[in-house]
Amino acid sequence: MRNAPRLEIDLKKIEHNARMLVERLALKGISVTGVTKAVLGSTEVCETLIKAGVTSLGDSRIENIKEMCGEHLPVPLILIRSPMLSQLEQVVDWARISFNTEIKVIEQLSYLSERNNKIHEIVLMVELGDLREGIMPKDLINIVRKIIHLPNIHLKGIGSNLACNSGVIPDDKNMAELSSLADMLEDTFKIKLEFISGGNSANLSWAFNVKDTGRINNIRIGEAIFLGCDPLDRKDIEGLHSDAITLIAEVIESKPKPSMPWGGIAQTAFGIKHSLIDRGIISQSILAIGLQDTDAEGLTPPVNIQILGSSSDHIILETDLPLGSEVKFGLNYSAMLRAMTSPFITKEYLSHDTKIL
């Protein structure tokens, strides 16, 4: 028997999705950084993304980047989360490029890079409204003035991140602002910025539909490659596979049970108080997977199967399935991220030929 629960990761479908996005964005003069954090820097996935044409790989965890470095991958590796002071030596050792917002961190990167006879490249992240990481635009000149003469630091470019924290949509206005800031810094300091990273998968609708992308020449893409959807509305992107990664779990109990609990009712283990309707006796099947492994609300069950509830180790379905049978789920980003991180879920890489849309 195959291991369950497991993620089935179809490398052919991932390659197809990545290649389609790389080719479409290349027509706009935009390169793709493949974001690997959701797959924990998987060697199989990294090699697939490179084969599909991404020009760099980005990850938010230096631990993943260290593992990726061990594979001697032929593209730059970028730490896309602001470095922790406690990990700066590892950042200099393993990441060629890091995204930064704090001058104290950049000064330490300079010191460590000089000590290790390395050049470390940085991208300054600019706050454009989503209120996650980023230097306020009015402070950008003063920050650059402090860093352009730091030894062993190369200012590679600037970037932004939208839609992740507050849901701010990338649009002509905020992307034009990022382009203008790049022009302003070049004019002020007589430098050349090579890398203007407009954002993430949420930028795709803007990039595909705008006539002029300005200075934006890079987008960081993870979700759209792995799930084939637009993060702004979670709708499938035409021509991409939405089932490149699926989750399979095994039935460990299957019985008819009342639809209503009995006894005094309080909160569940995860602080939820359900509002239920008595529908009499129903068929109930329980899976050997739970909230320790994935986000149950982010799972799409097969047609005619409903998720009734979940706990740390169980997901309960309204269906009548044989003991030991398997159920395959589609995933949203949250469910995929948590499942990929769970050590209790087997990761199975498929490389067989698949039908391309």
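Observations, loosely collected:
- Scanning the stretch 24-53 for residues that are in contact (Cβ under 8 Å) with a residue 40 or more places away in the chain and of a type in the set (S, T, N, Q) gives Ser31, Thr33, Thr36, Ser42.
Residue by residue, here is whether (1) surrounded by 17 or more Cβ atoms within 10 Å (Cβ to Cβ); (2) of a type in the set (S, T, N, Q) holds:
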| residue | (1), (2) |
| --- | --- |
| His241 | yes, no |
| Ser254 | yes, yes |
| Met260 | no, no |
| Ala269 | no, no |
| Ile277 | no, no |
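- Among the residues of the stretch 280-300, those that are of a type in the set (Val, Ile, Thr) and closer than 23 Å to Ser242 by Cα comprise Ile289, Thr294, Thr300.
- All of Leu323, Leu317, Leu291 fail the test of being more than 27 Å from Gly222 (Cα to Cα) and part of a loop (DSSP other than H, G, I, E, B), apart from Leu323.
- From Ser82, Ser56, residue being under 18 Å from Ile147 (Cα atoms), under 16 Å from the mean Cα position of the chain (by Cα) and modelled with pLDDT of 95 or more: Ser82
- Look at (1) surrounded by fewer than 16 Cβ atoms within 10 Å (Cβ to Cβ); (2) at pLDDT 95 or above and you find that Gly70 fails only one, number (2).
- Listed here are the helices (runs of 4 or more DSSP H) enclosed by the stretch 7-82 that have at least 3 residues being closer than 30 Å to Asn209 by Cβ: 11-26, 43-52.
Yes/no per residue for (1) at pLDDT 95 or above; (2) within 32 Å of the chain's Cα centre (by Cα):
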residue: Ala224; (1), (2): yes, yes
residue: Gly228; (1), (2): yes, yes
residue: Ile245; (1), (2): yes, yes
residue: Pro256; (1), (2): yes, no
residue: Ser259; (1), (2): no, no
residue: Trp262; (1), (2): no, no
residue: Ile265; (1), (2): no, no
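The values are calculated or read from the model by the stated rules, or taken from the named source; none is laboratory data. Treat the numbers as computed from the prediction; the structure is a model and nothing was measured. So basically every Cβ, Gly included, is an ideal-geometry build from the backbone, and we count neighbours across all protein chains shown.
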